[in-house]
Amino acid sequence: MKRVVCFLLILVSGLLSPAFLLGQDKREVLIRNATVLTAAKGVLENTDILIQNGKIAKIGKNLKAAAGAEVIDATGKFVSPGIIDCHSHSMLDAINEGTFAVTSMTNMRDVLNPKDIAIYRALAGGVTTANLLHGSANAIGGLNTVVKFKWGKPVEDFPIPDAPPGIKFALGENPKRTHFPALPNQSPRYPRTRMGVMETIRDAFVRARDYKKSWDDYRAGKTRIPPRKDLELEPLVEILEGKRLVHSHGYRADELLNLLLIADEFGFRVATLQHGLEAYKIAPEIAKRGTGVSIFSDYWGYKLEAYDSIPYNAAILWKAGVVVSINSDSDERMRRLNLDAAKVEKYGGVPEEEALKMITLNAAKQLGIDKRTGSIEVGKDADLVVWNAHPFSVYARPELTMIEGEVYFDRSKDIERRAALEKERQELEKLDVNKSNNTTAPRLPSEKRQAERDDAEYH
Amino acid sequence: MYAWKTTLKTLCAFAPLRLCVLILTLALTAFAQNDGSEQNVLGRAGTFAIQNARIVTVSGATIENGTVLIENGKIAAVGANVSVPAGAEKIDAKGLSVYPGMIDAATNLGLSEISLGVNASVDVAETGEMNPNAKAITAVNPHSAHVNITRVIGVTTVLSFPTGGTIAGQAAVVNLWGATQAEMAVVPVYGLVVNFPRIAAFGGFGQPPIEFSEAVKRRDARLEELRKYFRQAADYGRVKDAYEKDKTLPAPVTDLWLEALLPYIRGEKPVLFTAERERDIRGVVKFIEENKLKGVIIGGQEAWKAADALKKNNVPVVYTNIYNLPVRDDDPYDYLFEAPSKMAQAGLKFAISTGDDGPNVRELPVQAGLAAAYGLSKDEALKSVTLYPAQILGIADKLGSIEAGKTANLVVTDGDLLEPRTNVKYLFINGRLIPLTSRHTELYEQFKDRK
Amino acid sequence: MKFGSLLCALAALLLFSVCRVDGQKRTDVYAIVNARIVTVAGPPIEKGTVVVRDGLIESVTADGAAAKIPADARVIDGAGLTVYPGFIDALTNLALPAPQPAPVPQRGQTAPPPTGPVSNSNYPTGLQPEVSAAEQLKGGDAQFETVRANGFTTALTVPRDGIFNGRSALIDLAGDAVSDFVVKTPVAEHFTFRTGPFGVYPSSLMGTFAAFRQMLLDAKRLAEWRKLYAANPKGLKRPDADRSLEALFPVVDGTLPVVFNANTEREIVRVLDLVKEFRLNAMIAGGQEAWKVAARLKEQNVAVLLSLNFPRRTAAASPDADPEDLETLRFRAETPKCAARLAQAGVRFAFQSGGLANPADFFANAAKTTENGLSTEAALRAMTLDTARLFGVDNVTGSIEAGKIANLTVVRGDIFAKERTITHVFVDGRLFEPKEKPKTPTAPNSNAPAVANVGGNYSITVEIPGQSVGGTLALTQQGALLTGTLTTDHTGSAPIRDGKVTSDGFSFAATVDFGGSQIELDVTGKVAGDRISGTIATPQGAIPFSGTKNP
């Protein structure tokens, strides 16, 4: 035991030594001889990518790395940017604050769970970044967090520090609580119609405007008592000031457009329409306002407001000049966004690179993080996936997923590790604390795992 | 196509003439390769020769350059050198591939239009625990939007099954073509669906989870009820048989419920058991042995672990878990992707199915392909959505491969059938050339050029 | 005098298993001689004398250093005994009443307004930090008997309910009158990451965070407003007189610590983030995974009231059950190592019982921390002086030093040994002698003790305030396992979960449907003959029930 401690001490002090830290700084990774799908500047055959300090330093042929650099031979393999999921509820310990129609005081940053196995499974599907959103129970929901899936790291390493803040809005069936009738001892929550949803949003912005004025007056010395700092209204003021991105869940074309009109009325831009299953019906109106749309590629029909959704949605929007991304809203679907993007080529003929952008660069643009990630370009974060085949092939699977040059998923290591985990389990089960004292009932077996989504069963 | 024409008319009524011409041109370009589009959605019968095609027969070797001849709804001939009768409509399939239509052996297609919030459109689960006489074929909606949306990707046949209670009813095998249920039917009453009793924490929607010993008790009680019900049916059958032989015996009163079970307890038709975990699957096999049934597993997450028992009793598996998350945190991330490859290694007969209630049955090819990304051979993946489901459903004499004499359910593509980017260029069901239109293409046409 | 002794003995026989000797007299003088004295303040004295007078420690001397035994002292021969400072449990609910029953909404009725008993608060029940243990404490010495017999003299006691649980008090575990036993109040404000009652904000974890933040901001503003008003009220609206916000003033300015209940790594990290955000003076209670964030705890100077209720597997095995998660297996293996790792990282901590059913397990589990690398000195401090220091009372208690409160625990054998007997307990200088040897510490893995016989069908009446509701309770007992069904006229029938039978009663949980919403119930009770009685804890408060066995 003592020896082990000694060894660990030596190891730790070694890790902290200046030499090692220096090594860390200059950490280099060289990916060799890959087919590189840049999602910005086309496809580069037989190309190397040199990564220094977590950034893409060089892209080219026959690049040289420093001695001691990690070299990944990607001959016959494909490298794409890490996938960005613009709508996710992974790694959240709670999703909906359903009591009020406006819950902008809540913040998903408070409830991150860095141990959620969904993170690892998403990495194994090539996802490196996700927009973690509040649920859709409220016309105005909570604040979002944009994270990189740095599995195994402390939670504070997950959020992207320079990602612009955002907020969730929701329209249609969910905020009007269609599927949640009021309980016998409760009065129904306002709103119950699409009319009420719009008025809820309008009212919130009117209150936010008044609130801002009360602070302006106080700061100008017109009043003496400091106004209440209101956590509900602060984010709405930020929206009015153009400092916070609105990501609004919505399905029907009319409700999407009505939100855009409210935004016009109050002078802000909606960053993304989330789901936007009927966005194709109002593509010009959306394009005109520079609003992005983040959709399912072909998931549809599960409820009335999803019945007019078509897989050509992306193509129509793209042709109209809208920045389109494809999201999952599901821990399950998240693992195969590459195939969802591939379908966009089929339905309406979006070119390959444009389709790839819909799960990478376009999502980064919508989230305001495209300066650092979303494509394979010099100077960007080395958020990369190495695939055994073209990621738009159904036979493709990620072999390696890295974030900022660090490998977070490695299929060969995953397979290697399985035996060790089984052995660890056997050892642990031998411990006294892990033997049953038979005071409670056995654990119920399960056979289905619900993917985390808004309102548990729908979007 | 009626709707499509209406759309065009509507658009033209409001658009300037030049735009109309443009729309028409575009439309014609879009459908240039489907002369079925001139017909209504039921397509057009005829004699067709698909020539210069790569023919993936599935049952035999792939023919790199050959002809498939379609006559009277059947595949009349397949080969590198097929003589094409005069008057046959020739389709030049240079650069294209012909596949058998795909078969999804576990869906609820046509029984549920909009599952959440539109109960009026849902006919999937009858009330009560024992509904052996409920027949899917009497509720599958031939005019569901899901029919066209599913077939245009190349899925031409599905099993549609009811879901409620312990004995949910009888499933139908249908082609995704037909104005009536009879026209759709391949096997109108194919098999009995039994939701095999299992330990479930789920106590019903909005109900609290069930405590363990209570859940075990409930499972055992439901299993006992099921056994009893099968015994009752056996008694009923004996009384009926006796009466048939000796009319002096008291005439038995007809019971539609028990009557429906007779072909199953006699082992004439298969019983489809939904089961996922190993212990439940072994429980199913025991039940099959006890009652001398013909069985099929639907679900089958851990079927590979019970391969010995399943093989011994010739029980095939319709695997519906490609798009499910592994149940336990400790399961390897690819646990459910990899299961088909493990079933193949274990020598199990299996098919891959979406298990979907309608809208997303079109994911079938991608689901099979994903299994191939995780260990299954591409060849097996293709078979798992064509020939294998045909064999499991007992329709391999008619469907599942490209062989002379089989029903002409064919898909002509510009690439690998399982790839998501592949386009279907021609579609035949029952030898009819089917237009590649659906609710989705109609909405697309309506809105794609809106300015 | 004789008569008094007789009465006392009678009382002890009738009521207590611990005899309280002359508790009321101001002439309590004791000298424990020839004892091993673990002062905690300094090195142990192998053979020495402790003199107790008038509730305080008068002197501590090593033999040979001219130990003076006062003539008026009752002399206790300490040969073979060890004297420890009285042990402190750093988090309990001792002396607090069971949660108050609140009206439960009936089907078809409007839910009662979610405001608590305090009138001048604008915040709902659950968000009332002004709740104070000291105001809720109930008197009566008997309630302390069991813990005291196990060697505890002092405990922090914290209200159970709410998101803001309210303010805690440090109490000595003896005395009939509340005024006798309160050592310090308030010690801290306590907070639990819970949600409000069904359908009432906050109903989610992030809502709870938002509510916490908003209240702290509101409190800050109110304090500022009051200052302005006090300086010059003319032309200013009068500030609110909101008790809930007032209770947060010392939290906002850091004069009162906030104790956050948090066990998992991520819960603790969330607390640390809040502490940083509001510059709180904070502690963690529970802290089972605190070792994983020891560096941050140290850096932010956040102490841990570490639970000694170590997790272990209770679920029976079954071929029909699922295997346990690897994370769970690891968690159980790691938890007893937490204390040593915190000590190594320099994090301050004190031990709490964490709701242990058997108080003796506190010491058995403290011993496990020493087996896992914590020094016995550090372990002792974590239940004496370090605890007192965390609560700001180390100047008066927590070690054996002249002038401090005479809280002493005298043990035959080492407190960390499996075989030990608590022979004398001094609380505020009053001597309690456990009459019988307390039960051998039950290690959690020891064989199940003899259990009561509670199986059967009972007709019960549930006493919801203002009305009685009928029901039935069907209990099936298999050893210490209990299964069955709870049915009431208002909730229908629900299976019971986690059913347990102990030596003198039973407990189980159930989820019932109440007017369409799911309500979690925790039920505890006893069976005597064919009578059954107990308490149903609901999110709205506790409700008593009683009934009889059906023949």
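The values are calculated or read from the model by the stated rules, or taken from the named source; none is laboratory data. This one's a predicted model, so the numbers in the text were calculated from it and none came from an experiment. Cβ sites come from the backbone with ideal geometry, for glycine too, and all protein chains shown count toward neighbours. With ligands, DNA and RNA removed, areas are computed over all heavy atoms of the protein, side chains included. Shrake-Rupley method; radii C 1.70, N 1.55, O 1.52, S 1.80 Å.
Taking first residues from region A:77-97 that are within 10 Å of another protein chain (Cβ to nearest Cβ) and partners that are of a type in the set (Gly, Ala, Ser), the Cβ contacts under 6 Å between residues at least 6 apart in sequence or on separate chains come to A:Ala94/C:Ser204; A:Ile95/A:Gly135; A:Asn96/A:Gly135; A:Asn96/A:Ala137; A:Glu97/C:Ser204; A:Glu97/C:Gly207. Annotation note: Cβ proximity below 6 Å between a residue of region C:57-82 that is in the same structural domain as C:Ile422 (by TED's automatic domain parsing) and a residue that is at pLDDT below 90 (sequence gap 6+ or interchain) occurs for C:Thr61/C:Ala67.
Is there a residue being within 10 Å of chain B (Cβ to nearest Cβ), open to solvent by 10 Å² or more (accessible area, probe 1.4 Å) and under 22 Å from A:His390 (Cα atoms) anywhere in region A:314-332? Yes, region A:314-332 contains a residue that is within 10 Å of chain B (Cβ to nearest Cβ), open to solvent by 10 Å² or more (accessible area, probe 1.4 Å) and under 22 Å from A:His390 (Cα atoms). I'm checking my understanding of the structure. Among residues of region A:362-403 that are hydrophobic (A, V, I, L, M, F, W, C) and farther than 22 Å from A:Ile415 by Cα, which one is surrounded by the most Cβ atoms within 10 Å (Cβ to Cβ)? Out of the qualifying residues, it is A:Ala363.
A:Arg443 falls short on exactly one of the conditions (1) assigned to a strand (DSSP E or B); (2) at the interface with another protein chain (Cβ under 10 Å from one of its Cβ atoms), and that condition is (1).
In region B:179-196, the residue that is farthest from the other protein chains (Cβ to nearest Cβ) out of those that are outside any strand (DSSP E or B) and modelled with pLDDT of 95 or more is B:Ala182.
Residues that are within 14 Å of chain A (Cβ to nearest Cβ), of a type in the set (A, V, I, L, M, F, W, C) and touching a residue at least 24 places away in the same chain (Cβ under 8 Å) were ranked within region C:319-342; the one that is most open to solvent (accessible area, probe 1.4 Å) is C:Phe331.
Here the strands (runs of 3 or more DSSP E) wholly within region C:414-516 that include at least 1 residues being at pLDDT 80 or above and of a type in the set (D, E, K, R) are C:430-434, C:492-501.
Every residue, every condition in (1) without any contact (Cβ under 8 Å) to a residue 24 or more places away in the chain; (2) more than 7 Å from every other protein chain (Cβ to nearest Cβ), yes or no:
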position	(1), (2)
A:Gly405	no, yes
A:Ser412	yes, yes
A:Ala419	yes, yes
A:Glu422	yes, yes
A:Leu431	yes, no
A:Ser436	yes, no
A:Thr439	yes, no
A:Lys448	yes, no
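Every listed requirement among (1) of a type outside the set (Val, Ile, Thr); (2) in contact with an Asp or Glu (Cβ under 9 Å, 6 or more places away or on another chain); (3) buried (at least 24 other Cβ atoms within 10 Å of the Cβ) is met by A:Arg335 save one, (2).
When the strands (runs of 3 or more DSSP E) confined to region B:50-106 are screened for residues that are farther than 30 Å from B:Val187 by Cβ, those reaching at least 2 such residues are found at B:63-71, B:89-92. Applying the set (1) within 17 Å of B:Val189 (Cβ to Cβ); (2) open to solvent by 70 Å² or more (accessible area, probe 1.4 Å) to B:Leu258 leaves exactly one unmet item: (2).
Checked against (1) in a loop (DSSP other than H, G, I, E, B); (2) within 14 Å of chain A (Cβ to nearest Cβ); (3) free of Cβ contacts under 8 Å to residues at least 40 places away in the same chain, B:Leu443 passes all but a single condition, namely (1).
Of all residues in region B:295-336, exactly one satisfies the criterion of being more than 29 Å from A:Ile117 (Cα to Cα), assigned to a strand (DSSP E or B) and either at the interface with chain A (Cβ under 9 Å from one of its Cβ atoms) or not aliphatic (A, V, I, L, M) (or both), namely B:Gly295.
With respect to being touching a residue at least 12 places away in the same chain (Cβ under 8 Å), β-branched (Val, Ile, Thr) and in a helix (DSSP H, G or I), B:Val271 falls outside the description. Only one of the listed residues (C:Ala73, C:Ala67, C:Ala41, C:Ala62) is open to solvent by 50 Å² or more (accessible area, probe 1.4 Å) and either modelled with pLDDT under 95 or within 33 Å of the chain's Cα centre (by Cα) (or both). That residue is C:Ala41.
Looking only at residues of region C:214-273 that are in a loop (DSSP other than H, G, I, E, B) and in contact with a Ser or Thr (Cβ under 9 Å, 6 or more places away or on another chain), we find that the one that is least open to solvent (accessible area, probe 1.4 Å) is C:Asp242.
For (1) surrounded by 14 or more Cβ atoms within 10 Å (Cβ to Cβ); (2) at pLDDT below 95; (3) closer than 30 Å to B:Glu380 by Cβ, each residue gets a yes or a no:
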| residue | (1), (2), (3) |
| --- | --- |
| B:Lys9 | no, yes, no |
| B:Ala27 | yes, yes, no |
| B:Gly36 | yes, yes, no |
| B:Ile50 | yes, no, yes |
| B:Ala61 | no, no, yes |
| B:Ala77 | yes, no, yes |
| B:Val84 | yes, no, no |
| B:Asp92 | no, no, no |
| B:Pro100 | yes, no, yes |
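In region C:338-347 there is no residue matching the filter, namely being polar (S, T, N, Q), closer than 22 Å to C:Gly392 by Cα and outside any loop (DSSP other than H, G, I, E, B).
Listed by first and then second residue, the pairs with beta-carbon distance under 8 Å, at least 6 apart or on different chains, first residue in region B:224-239 and in contact (Cβ under 8 Å) with a residue 60 or more places away in the chain, second of a type in the set (Asp, Glu), are B:Glu225/B:Glu129; B:Arg227/B:Glu290. Just to be sure, is B:Thr422 crowded, with 20+ Cβ neighbours inside 10 Å, assigned to a loop (DSSP other than H, G, I, E, B) and free of Cβ contacts under 8 Å to residues at least 60 places away in the same chain? Yes: the conditions hold for B:Thr422. Please tell me if A:Ala220 is under 23 Å from C:Arg213 (Cα atoms) and more than 14 Å from chain C (Cβ to nearest Cβ). Considered against the rule, which asks whether it is under 23 Å from C:Arg213 (Cα atoms) and more than 14 Å from chain C (Cβ to nearest Cβ), A:Ala220 comes out as no.
Just give me the residues in region B:425-451 being open to solvent by 20 Å² or more (accessible area, probe 1.4 Å), closer than 19 Å to B:Gln51 by Cβ and touching a helix residue (DSSP H, G or I) at 6+ places or on another chain (Cβ under 9 Å), in sequence order. Selection gives B:Tyr426, B:Arg432. Residues that are within 23 Å of C:Phe416 (Cα to Cα), touching a strand residue (DSSP E or B) at 6+ places or on another chain (Cβ under 6 Å), away from every other protein chain (no Cβ under 12 Å) and touching a residue at least 12 places away in the same chain (Cβ under 8 Å) do not occur anywhere in region C:291-303. For region A:297-316, indicate whether the set of residues that are in contact (Cβ under 8 Å) with a residue 40 or more places away in the chain, part of a loop (DSSP other than H, G, I, E, B) and closer than 26 Å to A:Leu400 by Cβ is non-empty. There is at least one residue in region A:297-316 that is in contact (Cβ under 8 Å) with a residue 40 or more places away in the chain, part of a loop (DSSP other than H, G, I, E, B) and closer than 26 Å to A:Leu400 by Cβ. Do the conditions hold for B:Leu399, that is, is it more than 9 Å from every other protein chain (Cβ to nearest Cβ), at pLDDT 95 or above and over 17 Å from B:Val186 (Cα atoms)? Spelling it out, it is not the case that B:Leu399 is more than 9 Å from every other protein chain (Cβ to nearest Cβ), at pLDDT 95 or above and over 17 Å from B:Val186 (Cα atoms). In region A:335-354, which residue that is touching a strand residue (DSSP E or B) at 6+ places or on another chain (Cβ under 6 Å) and of a type in the set (A, V, I, L, M, F, W, C) is farthest from B:Leu443 (Cα to Cα)? That would be A:Leu337.
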